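In what follows, a structure is listed as structure tokens, so that the remarks can point back to it.
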Amino acid sequence: MTKMLTKLACLIGLSVYFAKAMAVPIYDSMPADLATAPRAVAETSFTWREFAAGFTVQSAGYVTHIDTGITPTTSLLNPLGSLHGFYVGMADNTLVTTPSALGGDNTPVGSLWQTYACSSAQPNPYIAPGCGWASPPGATALGNGEFFGADVNVYLPGPGTYWVYLWLKSDDTVTAWAASETKKTDLFAVRQGWTVYDAAHPEYRQYVRQDGQRSALGLRIEFIAAPVPEAHSCALMLSGICVLACLRVPRRRSI
């Protein structure tokens, strides 16, 4: 039994490894030097300003890894840095065509996945870091000068344009998104405004795609096109094969 479980674990591990190995970079606008690259500052204080970076895919499939130029920072309004963390997410194209619901927490429309990140650096002995007691389980803690990146498993249901967004849910939050020194794009969106309770200004609640070519926000996407099954499907298939093989063994021994 122990040997069977060991073999099963190896098969599952191999299936995950080979599924990830099949992923290829399909978009890369990461700057050559993150430390000196130009940056777009996203902040929530009296008003808010958030960004989204777009990319396209030619078929359905799975995003397996993302890197971004997003990092916690400081500003004139928040000289000690963020008191809270922020969300990085991935959404379909409705992110830039549909306002979020009036009021509430302004959750981005069309979100397929999101995760929470925060600063682990303590600005001074009297102020807690952004990764404080209120951070949700599984939050990504970023040190000084560290940029957000993550292994993910996000299914994109078909060809088209998708977006990686930065959502600052709480006040007194400030981040910077480093941009490419050379790459330009028209897949650049901004959400900014005064209040989410103003029905006369839906643009306050929507990531609005900007006209013209802009410096591309730093983003790297690794992707597996369908119909290649995801790692979990491979693991389940191999598990089934292993179980069937094990069920056959006693029958052969009983002959």
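The values are calculated or read from the model by the stated rules, or taken from the named source; none is laboratory data. Remember, it's a predicted structure, so these values are computed and weren't measured experimentally. Here the Cβ positions follow ideal geometry from the backbone for every residue, glycine too, while neighbour counts run over all protein chains shown. Heavy atoms of the whole protein, side chains included, go into the accessibility calculation; ligands, DNA and RNA do not. Shrake-Rupley method; radii C 1.70, N 1.55, O 1.52, S 1.80 Å.
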**Complete:** Of the residues in region 203-220 that are assigned to a strand (DSSP E or B) and open to solvent by 60 Å² or more (accessible area, probe 1.4 Å), the one that is farthest from residue 123 (Cα to Cα) is 209
**Complete:** Of the listed residues (150, 200, 178), the one being in contact with a strand residue (DSSP E or B) (Cβ under 9 Å, 6 or more places away or on another chain), hydrophobic (A, V, I, L, M, F, W, C) and surrounded by fewer than 21 Cβ atoms within 10 Å (Cβ to Cβ) is 150
**Prompt:** Of the residues that make up region 195-202, is at least one in contact (Cβ under 8 Å) with a residue 60 or more places away in the chain, part of a strand (DSSP E or B) and not acidic (Asp, Glu)?
**Reply:** no
**Prompt:** If we scan region 13-23, do we find a residue that is under 30 Å from residue 110 (Cβ atoms), assigned to a loop (DSSP other than H, G, I, E, B), open to solvent by 70 Å² or more (accessible area, probe 1.4 Å) and at pLDDT 55 or above?
**Reply:** yes
**Asked** Within region 79-96, can one find any residue that is in contact (Cβ under 8 Å) with a residue 40 or more places away in the chain, buried (at least 16 other Cβ atoms within 10 Å of the Cβ) and charged (D, E, K, R)?
**Response** yes
